[in-house]
Amino acid sequence: QVQLVESGGGLVQAGGSLKLSCAASGRTFSRGWFRQAPGKEREFVAAITYSGGRTSYADSVKGRFTISRDNTKDTLYLQMNSLKPEDTAVYYCAASTMGHLITVPSLYDYWGQGTQVTVSS
């Protein structure tokens, strides 16, 4: 069983930046970030393969967010720039035992507890 622990959330003004981290207790393969705003479904944000050679982003964050990972630390990152109020949500990291790029939440095996990101206007 792999445990995931997110950190780095907080309150930031519109146009600001935050960097989320997600530490894993063991080796994982494809990883991703999702978010869920109040009253909304959990939505895909970004995903990355084990090597980091392939990434995928939701259209709403493309060009503003960057997903990366450090496999020596079993840690996943999400650099978020030019934040907007509509980015406000609880952000979750996810990990899979599969190697291909995954954008569907149901295909992930492990989830973190979530970290709140609030962007004020």
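The values are calculated or read from the model by the stated rules, or taken from the named source; none is laboratory data. Every value quoted in this text rests on a predicted model; they were computed, and no experiment measured them. With ideal geometry, Cβ positions are generated from the backbone for all residues, glycine too; neighbour counts draw on all protein chains shown. Just so you know, the surface numbers come from the protein's heavy atoms only, side chains and all, with ligands and any DNA or RNA stripped out. Shrake-Rupley method; radii C 1.70, N 1.55, O 1.52, S 1.80 Å.
How big is the convex hull of the Cα atoms of the chain, per residue, in Å³? Write out the running numbers ahead of the final one.
Numbers: hull volume 10.9 nm³, N = 121.
For the chain, the hull spanned by Cα atoms encloses 90 Å³ per residue.
If I take R0 = 41 Å and measure r between the Cβ atoms of residue 41 and residue 73 in this structure, what FRET efficiency does the formula 1/(1 + (r/R0)^6) give, to the nearest 0.05?
On the way: r = 31 Å, r/R0 = 0.76.
The computed FRET efficiency comes out at 0.85.
Take the solvent-accessible surface of the protein heavy atoms, probe 1.4 Å, and return the percent of it on the chain that carbon and sulfur atoms account for. Present the calculation step by step, with values, prior to reporting the outcome.
Working: 2880 of 6020 Å².
Within the chain, the accessible surface is 48 percent carbon and sulfur.
Sequence-distant or interchain residues sharing an amide H contact under 5 Å with residue 65, placed H: which?
81
Explain nothing, just compute: Karplus ³J(HN,Hα) = 6.51 cos²θ - 1.76 cosθ + 1.60, θ = phi - 60°, for every residue of the stretch 19-31 in order, whole Hz, x for Gly and Pro.
10, 8, 10, 9, 8, 10, 7, x, 6, 10, 9, 5, 9
Cross-link partners among lysines for residue 73, C-alpha distance below 24 Å, same-chain residues fewer than 8 apart left out?
Cα-Cα hits under 24 Å: 19.
Round to the nearest 10 and report in Å² the accessible area of residue 106, as given by a 1.4 Å probe over the protein chains' heavy atoms.
Roughly 100 Å² of residue 106 is accessible to a 1.4 Å probe.
Considering amide H positions built from the backbone, and no H for Pro or chain starts, which residues 5 or more places from residue 10, or on another chain, come under 5 Å of its amide H?
Hits under the 5 Å cutoff: 117, 118.
Can you give the percent of C-alpha pairs in the stretch 47-115 whose distance is more than 16 Å? Each step should come with its number before you reach the end.
Numbers: 1207 of 2346 pairs.
It works out to 51 percent of all Cα pairs.
Are there GluC sites (Glu not before Pro) in the stretch 28-121 that DSSP marks as loop and that have at most 11 other Cβ atoms within 10 Å, and which are they?
Values: sites: 41, 43, 86; in loops: 41.
Loop-located and lightly packed - 41.
Sorted from largest to smallest, which semi-axis lengths in Å does the alpha carbon gyration tensor of the stretch 26-79 give for its equivalent ellipsoid, taking the root of 5 times each eigenvalue? Write out the running numbers ahead of the final one.
On the way: eigenvalues 90, 33, 16 Å².
The equivalent ellipsoid of the stretch 26-79 has semi-axes of 21, 13, 9 Å.
Using heavy-atom solvent-accessible surface (probe 1.4 Å) with all chains present, what is the largest-first order of 42, 35? Mind dumping the intermediate values first?
Values: 42 85, 35 15 Å².
My answer, sorted largest first, is 42, 35.
Where does the charge balance sit around residue 91 when Lys and Arg score +1, Asp and Glu -1, over other residues with C-beta under 12 Å from its C-beta? Walk me through the numbers on the way to the answer.
Working: positive: 19, 35, 42; negative: 6, 43, 87.
Residues close to residue 91 contribute a combined charge of 0.
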